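Worksheet: one structure, shown below.
The values are calculated or read from the model by the stated rules, or taken from the named source; none is laboratory data. Since we're looking at a predicted model, the values are computed, not measured. Note that each Cβ is placed from the backbone with ideal geometry, even for glycine, and that neighbours are counted across all protein chains shown. The area values use the complete protein model at the heavy-atom level, side chains included, leaving out ligands, DNA and RNA. Shrake-Rupley method; radii C 1.70, N 1.55, O 1.52, S 1.80 Å.
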Amino acid sequence: MPLTSMVNNMNVRAAAANVLYLVVDKGQSLSSALPAAQQQINPRDHALLQEICYGALRYLPRLESIAGKLMDKPLKGKQRVFHHLILVGIYQLSFMRVPAHAAVAETVEGTKALKGPRLRGLINAVLRNYQRNQEELDTFATNHKAGRYGHPSWLLKTLEVAYPQQWESIVEANNQKAPMWLRVNHQHHNRDEYQQLLKNENIDSTAHSQAPDALN
C-alpha cells in the first residue's frame, strides 16, 4: 500500500514523516507532497505541518547525523518512514518552541497512523536519549560542514569552488527565512485601512514600495 494512502486521520507528525519520506527517499517534489498531505489533516494544522517539513528538510544533514548517532542500525525498507518520523521529532526538540513533552508524545503517537506501533518504544527511546544528550549531540552534528551549514556536502563543495571568497555568506543568506508578507483582501479593506487596523492592535507594518496589496 502506498504510504500516501495511509495519511487519512494521520496526526501532524506522521504526516510530516510521510512527506519527508516521499521527498527524500522517493524523489517527489515538496510542492506536490506537502499540499497532498495538508488535505488529509485539520486545516488549523496546515501551518504546523509546513513548518516541520520545511524546517526538517532545511536542517536535514544535521538531523541525519544526530539520528545516526542515536541508533545502532538504520531503519530500512518499509521502516524508512519511521526514520523520518525520528527526524521530525529531533527537529521539534532542537528548533521549535513546541513543549518537549508534547513533541515527543505526538511524534511517538504518529507510529499508530503509520501502522508501526511496534516501533513506538524505539522512537520514544531515541527521542528521550536526544533530550538527555542534546548539547553533546548538537555539537557532534555541527562538526562537519554539511551539518554546520545545513547544505549537502556536494553543494558546499560546488559553492566553494565557484565562490571561494563568498561561499560562506551565500550559504548563510540561503539559510535565512524569507520575510512574511501579507496580501490585503480588497473585498474587505484597502491596504491603508488594513494597516490602520494592525496599528490599532500595536502591530507595526511596512507597505511594499511596488506591490500595492502587500504589507510586511
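Residues are listed down the side, and each one gets a yes or a no for (1) at pLDDT below 95; (2) under 16 Å from Glu109 (Cα atoms); (3) within 15 Å of the chain's Cα centre (by Cα); (4) open to solvent by 40 Å² or more (accessible area, probe 1.4 Å):
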| position | (1), (2), (3), (4) |
| --- | --- |
| Tyr21 | no, no, yes, no |
| Gly27 | no, no, no, yes |
| Ala33 | no, no, yes, no |
| Gln39 | yes, no, no, yes |
| Pro43 | yes, no, no, yes |
| Leu49 | no, yes, yes, no |
- Message: Going by what's in this entry, would Ala100 be described as small (Gly, Ala, Ser), under 23 Å from Leu22 (Cα atoms) and in contact with a Leu (Cβ under 7 Å, 6 or more places away or on another chain)?
- Response: no
Meets criteria (surrounded by fewer than 16 Cβ atoms within 10 Å (Cβ to Cβ) and within 18 Å of Arg58 (Cα to Cα)) for Asn175:
yes
Being touching a helix residue (DSSP H, G or I) at 6+ places or on another chain (Cβ under 9 Å) and either modelled with pLDDT under 95 or loosely packed, with under 14 Cβ neighbours inside 10 Å (or both) narrows Arg118, Arg97 down to just Arg118
Notebook entry, point to check: Got at least one residue in the stretch 136-151 being closer than 25 Å to Val81 by Cβ, surrounded by 13 or more Cβ atoms within 10 Å (Cβ to Cβ) and of a type in the set (D, E, K, R)?
Noted result: yes
The stretch 107-216: helices (runs of 4 or more DSSP H) wholly inside it with 2 or more residues that are touching a strand residue (DSSP E or B) at 6+ places or on another chain (Cβ under 8 Å) are 191-200
